[in-house]
Amino acid sequence: MPRASRPITVTLGDLQQGVKTRVKSGAYASASEVVRAGLRALDREEAAVNDWLRQRVDESLADPRPNVSADKVFKRLRAHHAGRAKARRNEKV
């Protein structure tokens, strides 16, 4: 029966010690198991971030307040940042 996947080479650098520690503790049987668990955790994290972003977008689209034009938004941002820069300059004096 052929293998379902092919071996790959991965350079872990400083993370190698964490892999060794996990295998030595008995929590994982091999470095491959540690890496697979890490990828599953990354998949869960990315799914959670995507769900959170999707929820924020849905909330934004459902917001009954009128839209603000990009020109007004950037004008407010420039004024805000200019005020912060001025405050920092005044703090240094």
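The values are calculated or read from the model by the stated rules, or taken from the named source; none is laboratory data. Quick caveat, the model's predicted, so the values are computed rather than measured. Here the Cβ positions follow ideal geometry from the backbone for every residue, glycine too, while neighbour counts run over all protein chains shown.
Regarding Ala27, is this residue at negative phi, assigned to a helix (DSSP H, G or I) and modelled with pLDDT of 95 or more? No, not satisfied. May I ask you to list the residues in the stretch 1-24 that are loosely packed, with under 13 Cβ neighbours inside 10 Å, not in a helix (DSSP H, G or I) and not β-branched (Val, Ile, Thr)? Across the stretch 1-24, the qualifying residues are Met1, Pro2, Arg3, Ala4, Ser5, Arg6, Pro7.
Contact map, the stretch 32-56: residues that are free of Cβ contacts under 8 Å to residues at least 24 places away in the same chain paired with residues that are in a helix (DSSP H, G or I) and among the charged types (D, E, K, R), Cβ distance under 8 Å, separation 6+ or inter-chain. Pairs shown: Val34/Arg22.
The number of residues in the stretch 58-93 that are of a type in the set (S, T, N, Q) and in a loop (DSSP other than H, G, I, E, B) comes to 2. Hey, any hits in the stretch 50-65 for a residue that's more than 28 Å from the chain's Cα centre (by Cα), among the basic types (Lys, Arg), on the phi < 0 side of the Ramachandran plot and exposed (fewer than 10 other Cβ atoms within 10 Å of the Cβ)? Within the stretch 50-65, one or more residues are more than 28 Å from the chain's Cα centre (by Cα), among the basic types (Lys, Arg), on the phi < 0 side of the Ramachandran plot and exposed (fewer than 10 other Cβ atoms within 10 Å of the Cβ).
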